[in-house]
Amino acid sequence: MAGVTLTNTTKIYPGVKNAAPAVNAINLEVKDHEFVALIGPSGCGKSTTLRMIAGLESVTSGQIHIGETLVNDLTPRARNIAMVFQNYALYPTLTNFENIAFGLRVAKMPKYKITEEVNRVARSLELDGMLDRYPRQLSGGQRQRVALGRAIVRDPQVFLLDEPLSNLDAKMRVQMRYELIELHKKLNTTTIYVTHDQIEAMTMAHRIVIMDRGVVQQIGTPTEVYTRPANTFVGSFIGTPPMNFIEGRVDIINDVPCFDNSNMRIEITKEQYDKVMENKVHSVYMGIRPENLRIVSDTDEDTRHVVKGQVHFTELIGADQNIHVNLGKRDRVIVRVPTDISVIDDEMISLRLNVNHLLFYDMNTGDLVS
Ligand code: ADP
Ligand code: MG
């Protein structure tokens, strides 16, 4: 097994005039045994990145190393990686056994050994009993397991998976997610997993790479990218519902450091104020996650972090509900609270912001400043 290192790796597809690079100088070090997810909106360059690592797409500039080896000019086969695609890419005219065995036959492994290996992998994926059938005779989830089997059986240095669960229905997707987590625990193979589904990325990966328009926006653990998004794009992309952003200014008002706009004035900590000033910024977006707002009684005496708003509507989502609240004319926030708190549409309510979880973003660049 081996890690994967991308150094200023760039892809510009030929013949596409004036297009921005599909992947723009990505730097990423995936450690040996690590599970890393690439996530971002459609067209942000996830598949292109994976295909360059696999050798299915050439690299325009920069380097890719697998372990210590520079692989830019190596064929896919010489890289000893295995790739699993969204559409499974199984051979319809071959049995499931032959589909799994395919790479081993090409590699001229002895027949008895192939049988042994395919059976071993089929057992671990609970596919024994289905090996004589054809892919069309399986459910989507089983087909995806055959595709995984074909990847695992080759004992690759690195697994590359491109949206492998996207074609499955919601329930099967959850089950396969658990199976993939189990599989990684068992095999410990370095894995790079492309998805547009943040739940998959957050639940499976050790670290997440968030991309937008060919550029890496942030690399971090699920907790890091959730609690401290590096910019407003990441804050909006990660989290359902997304982070709330409220426009305003950071200033000292009557000797007190504050976040201020036409609807609200919130006392912030000296530390938060100083960090914003270090970055020479005044106009900011204040970022706050929906669970860091609470509904409080109007008679609450501590009003430093309380704002008033009007309930617009409520979405029930099992144990929690998302309450959409208008603050004055312009600002709207989503508050996430347990369902035992009941509010009605158009009701005026008071919200307390958890000041320790406030983040501040430069309004011009969108970057985190405090
Ligand atoms: P993702 O997998 O994140 O949805 P892709 O890596 O497939 O994104 O695509 C990144 C960008 O490169 C997109 O703008 C896409 O249109 C472009 N692109 C992808 N494949 C090709 C290709 N073969 N030729 C030209 N442009 C391509
Ligand atoms: Mg893709």
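The values are calculated or read from the model by the stated rules, or taken from the named source; none is laboratory data. Not measured: the values here are computed from a predicted model. So basically every Cβ, Gly included, is an ideal-geometry build from the backbone, and we count neighbours across all protein chains shown. Calculation scope for accessible area: heavy atoms of the full protein, side chains included, ligands and nucleic acids excluded. Shrake-Rupley method; radii C 1.70, N 1.55, O 1.52, S 1.80 Å.
A few remarks follow.
- Residue 5 being open to solvent by 10 Å² or more (accessible area, probe 1.4 Å), away from ligand 2 (no atom under 13 Å from the Cβ), over 21 Å from residue 201 (Cβ atoms) and in a strand (DSSP E or B): no
- Residues being within 16 Å of ligand 2 (Cβ to nearest atom), closer than 12 Å to residue 238 by Cα and out of contact with any helix residue (DSSP H, G or I) (no Cβ under 8 Å at 6 or more places or on another chain) - total across the range 198-227: 1
- Any hit, the range 162-169, residues being surrounded by fewer than 17 Cβ atoms within 10 Å (Cβ to Cβ) and not acidic (Asp, Glu): yes
- Residue among 18, 80, 27 that is open to solvent by 20 Å² or more (accessible area, probe 1.4 Å), at pLDDT 95 or above and among the polar types (S, T, N, Q): 27
- Beta carbons closer than 9 Å, at least 6 apart along the sequence or on distinct chains, pair a first residue in the range 130-147 that is among the β-branched types (Val, Ile, Thr) with a second that is buried (at least 21 other Cβ atoms within 10 Å of the Cβ) and in a helix (DSSP H, G or I) for 146/96; 146/99; 146/100; 146/122.
- Only residues that are more than 9 Å from ligand 2 (Cβ to nearest atom), under 17 Å from residue 219 (Cα atoms) and either open to solvent by 10 Å² or more (accessible area, probe 1.4 Å) or assigned to a loop (DSSP other than H, G, I, E, B) (or both) were counted across the range 36-57, and they come to 2.
- Scope the range 181-204; condition more than 16 Å from ligand 1 (Cβ to nearest atom), within 23 Å of residue 52 (Cα to Cα) and either among the hydroxyl-bearing types (Ser, Thr, Tyr) or surrounded by 17 or more Cβ atoms within 10 Å (Cβ to Cβ) (or both); matching residues: 184, 189, 190, 191, 204
- Residue, surrounded by the most Cβ atoms within 10 Å (Cβ to Cβ), within the range 340-366, restricted to residues that are of a type outside the set (Val, Ile, Thr), part of a loop (DSSP other than H, G, I, E, B) and in contact (Cβ under 8 Å) with a residue 40 or more places away in the chain: 358
- Taking the range 83-101 as the range and being open to solvent by 10 Å² or more (accessible area, probe 1.4 Å) and more than 23 Å from residue 47 (Cα to Cα) as the test, the residues that pass are 92, 93, 94, 95, 97, 98.
- Meets criteria (more than 16 Å from ligand 1 (Cβ to nearest atom), part of a loop (DSSP other than H, G, I, E, B), within 12 Å of residue 99 (Cβ to Cβ) and of a type in the set (Lys, Arg)) for residue 143: no
- Scanning the range 246-271 for residues that are open to solvent by 50 Å² or more (accessible area, probe 1.4 Å), within 16 Å of residue 363 (Cα to Cα) and in contact (Cβ under 8 Å) with a residue 60 or more places away in the chain yields a total of 1.
- Taken together, 234, 209 contain a single residue that is open to solvent by less than 60 Å² (accessible area, probe 1.4 Å), of a type outside the set (Gly, Ala, Ser) and closer than 19 Å to residue 369 by Cα, which is 234.
- Qualifying position, being closer than 18 Å to residue 265 by Cβ and surrounded by 15 or more Cβ atoms within 10 Å (Cβ to Cβ), among 311, 333, 337, 369: 333
- Any hit, the range 58-71, residues being within 16 Å of ligand 1 (Cβ to nearest atom), surrounded by 13 or more Cβ atoms within 10 Å (Cβ to Cβ) and part of a loop (DSSP other than H, G, I, E, B): yes
- All positions within the range 270-292 that are touching a Phe, Trp or Tyr at 6+ places or on another chain (Cβ under 6 Å) and in a helix (DSSP H, G or I): 276
- Condition check for residue 267 on (1) closer than 16 Å to residue 358 by Cα; (2) within 31 Å of the chain's Cα centre (by Cα): one failure, at (2).
- Test: residue in the range 317-325 that is more than 25 Å from the chain's Cα centre (by Cα), surrounded by fewer than 14 Cβ atoms within 10 Å (Cβ to Cβ) and part of a loop (DSSP other than H, G, I, E, B): no
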